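Data block below; observations after.
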Amino acid sequence: AQKVTQAQTEISVVEKEDVTLDCVYETRDTTYYLFWYKQPPSGELVFLIRRNSFDEQNEISGRYSWNFQKSTSSFNFTITASQVVDSAVYFCALRARGSQGNLIFGKGTKLSVKP
Amino acid sequence: DSGVTQTPKHLITATGQRVTLRCSPRSGDLSVYWYQQSLDQGLQFLIQYYNGEERAKGNILERFSAQQFPDLHSELNLSSLELGDSALYFCASSVEGALNYGYTFGSGTRLTVV
């Protein structure tokens with residue numbers, strides 16, 4: 001079965017703090033893709049990153065970084081020096097052959113960044 | 001603007017009614033996916049079309065149906081609406097159904113059933 005678990009339902013931080021959002025996935029497929037999406041209060045889903053199962057290099061994009069570890073089936077997302085505009089719900093998702101190629105989403109983590 | 005257009009943005013209707021949600025995929029994308037986001041179920045895959053043909057089905061109710069037209073736009077039809085159908089409905093598109101292609105999501109249609 002394909003599954004994505006985001007154990008943190010809500011996180012609240014103060015501006016400029018670093019925060020890590022956890023994502024653990026389950027799949028028996030050897031080829032799969034992992035995604036992070038951001039859903040701000042306005043409601044749209046904004047694509048942040050896609051990572052394939054063969055590339056375990058960590059990625060950094062500005063204040064965002066992602067740590068992919070196949071050994072622990074985790075794909076964690078860190079925001080450095082958080083800002084109020086980072087307040088949103090963040091979803092981790094998995095796409096694998098076993099899911100008919102469709103996205104399996106976690107339940108999301110609501111991040112609140114307070115000034 | 002993601003390039004995926006969903007209309008209408010908001011829809012309020014009564015129980016028992018039927019509505020149609022429309023999605024125009026990003027130019028060049030052949031696959032269209034529909035997802036439902038509700039408070040209790042989260043984001044769930046409903047159905048996928050690829051170049052006019054149904055490719056995969058998820059947790060789509062029998063009261064719901066969809067189609068993709070020759071111009072590649074898609075419509076999601078929801079009938080005999082119930083209060084529990086109130087949700088945010090997203091359409092996404094991709095170049096094709098292959099795993100290594102990313103999705104582009106539209107901004108969603110918020111359906112409220114009263």
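Computed from phi, the 3J(HN,Hα) profile of segment B:108-114 under the Karplus parametrisation 6.51, -1.76, 1.60 (θ = phi - 60°) reads x, 10, 8, 9, 10, 9, 10 Hz, with x in place of Gly and Pro.
Using a 1.4 Å probe on the protein heavy atoms, what percent of the accessible area of chain A belongs to carbon and sulfur?
48
For segment B:19-103, the solvent-accessible area works out to 43 Å² per residue, with a probe of 1.4 Å and every protein chain left in place. By DSSP, the beta bridges lying fully in the protein assembly as shown are antiparallel in about 90 percent of cases. Applying the Karplus relation 6.51 cos²θ - 1.76 cosθ + 1.60 with θ = phi - 60° to segment B:9-19 yields 3J(HN,Hα) values of 7, 9, 8, 10, 8, 9, 4, x, 7, 10, 9 Hz, where x marks Gly and Pro. Chain B: D in µm²/s via Stokes-Einstein (Kirkwood Rh, Cα pairs, 4 °C, 1.567 mPa s)? Diffusion coefficient, whole number: 93 µm²/s.
Between B and A, buried accessible area from a 1.4 angstrom probe totals roughly 1700 Å², ignoring ligands, DNA and RNA.
Between A:L48, A:L94, A:L34, the residue with the greatest mean-square fluctuation in the GNM of chain A (Cα pairs under 10 Å linked by springs) is A:L48. Among the protein heavy atoms of segment B:18-103, carbon and sulfur supply 43% of the accessible surface, probe 1.4 Å, non-protein parts ignored.
The GluC sites (Glu not before Pro) found in segment B:20-95 that occupy coil by DSSP, while having at most 16 further C-beta atoms within 10 Å, are B:E62, B:E82.
Rounded, prolate or oblate: pick one for segment A:61-105, where a ≥ b ≥ c are the square roots of the eigenvalues of its C-alpha gyration tensor, a/c under 1.5 means rounded, and failing that, prolate if a/b is larger than b/c, else oblate.
Working: a/c = 3.39, a/b = 1.73, b/c = 1.95.
It is oblate, given that a/c is not under 1.5 and a/b is not larger than b/c.
If the label point is 7 Å along Cα→Cβ of A:K110, which residues in segment B:38-80 have backbone nitrogen under 13 Å from it? Residues B:39-40 qualify, since their backbone N sits under 13 Å from the label point. Inter-chain neighbour count for A:41-51: the average number of beta-carbon atoms from partner chains within 10 Å of each residue's beta-carbon is 4. Each Lys or Arg adds one and each Asp or Glu subtracts one; over the other residues with Cβ under 10 Å from the Cβ of A:T9, this totals +1. Calculate the spin-label point distance for B:E54 paired with B:L83, positioning each point 7 Å from the Cα along the beta-carbon direction, and give it in nanometres. Modelled inter-label distance: 3.0 nm. Distance from the C-alpha centroid of segment A:21-69 to that of segment B:35-114: 22 Å, rounded to the whole angstrom.
The values are calculated or read from the model by the stated rules, or taken from the named source; none is laboratory data. Small disclaimer: the values here were computed from a predicted structure and weren't measured. In this analysis, Cβ positions are derived from the backbone assuming ideal geometry, glycine residues included, and neighbour counts consider all displayed protein chains. Accessible surface is based on the protein model in full, side chains and every heavy atom, while ligands, DNA and RNA are left aside. Shrake-Rupley method; radii C 1.70, N 1.55, O 1.52, S 1.80 Å.
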